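Student: One structure follows; several queries about it will come next.
The values are calculated or read from the model by the stated rules, or taken from the named source; none is laboratory data. Bear in mind the structure is a predicted one, so any value in this text is a computation, not a measurement. All Cβ positions, glycine included, derive from the backbone under ideal geometry; neighbour counts span all protein chains shown.
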Amino acid sequence: MSYEKTYIMLKPDAIKRRLMGEIISRIEKKGYHITQAKIMTLDETIIAEHYSHLLDHPFFPKLSAFMTSGPVFAMVVEGENAINGMRQMIGATNVFEAAPGTIRGDYTNNVTENVIHGSDSPENAAIEIARFFG
């Protein structure tokens, strides 16, 4: 096992639905540490950079509109095996495949508005932490 840092973002629907406390509590109860956090509003430029792999998909305009619809809560989460551990807690990106007990499985019923983002690799975690925290 290795000590890792990962980037986690609570999306606008999590903020609007007042799920921040519940999700943060799950992260901390699992034994992970939130070492940096901030509420921020994203613009279309940073959304295009963050989701560059999705720019050519027909759903990208809807995703961009959603992600700029309200504030997000950005976090750096640290701990043993934090990247894979958080991805398991988050659940499948397709919410209809997300298992009960995962964050998406418990709180999401929409593919676009799926409550939370988490880095999927050490390389992407480093890029995303730099992107959102400088």
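Student: Quick check on my filter: what residues within region 57-75 are β-branched (V, I, T) and buried (at least 20 other Cβ atoms within 10 Å of the Cβ)?
Tutor: V72
Student: Let me ask you something else. Under 6 Å between Cβ atoms, which residue pairs at least 6 apart in sequence (or on different chains) link something in region 14-30 that is of a type in the set (G, A, S) with a partner that is outside any helix (DSSP H, G or I) and surrounded by 13 or more Cβ atoms within 10 Å (Cβ to Cβ)?
Tutor: Correct list of pairs: A14/V115.
Student: Out of all the residues in region 45-62, is one or more more than 29 Å from N81 (Cβ to Cβ) and of a type in the set (F, W, Y)?
Tutor: Within region 45-62, one or more residues are more than 29 Å from N81 (Cβ to Cβ) and of a type in the set (F, W, Y).
Student: Okay, next question. Could you please find all residues in region 1-22 being farther than 24 Å from G134 by Cβ, of a type in the set (A, V, I, L, M, F, W, C) and modelled with pLDDT of 95 or more?
Tutor: Going through region 1-22, the residues farther than 24 Å from G134 by Cβ turn out to be 1-2, 13, 16-19, 21-22.
Still in the running and of a type in the set (A, V, I, L, M, F, W, C): 1, 19.
Hit for region 1-22 is L19, nothing else.
Student: A further question on this structure: Does region 30-49 hold any residues that are of a type in the set (D, E, K, R) and within 22 Å of S64 (Cα to Cα), and which are they?
Tutor: Of everything in region 30-49, those that are of a type in the set (D, E, K, R) and within 22 Å of S64 (Cα to Cα) turn out to be K38, D43, E44, E49.
Every residue, every condition in (1) modelled with pLDDT of 95 or more; (2) under 11 Å from the mean Cα position of the chain (by Cα), yes or no:
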position: V72; (1), (2): yes, yes
position: V76; (1), (2): yes, yes
position: N81; (1), (2): yes, no
position: N84; (1), (2): yes, no
position: N94; (1), (2): no, no
position: P100; (1), (2): yes, no
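Student: Continuing with the same structure: Any residue in region 25-37 that is more than 22 Å from T112 (Cα to Cα), surrounded by 18 or more Cβ atoms within 10 Å (Cβ to Cβ) and aromatic (F, W, Y)?
Tutor: yes
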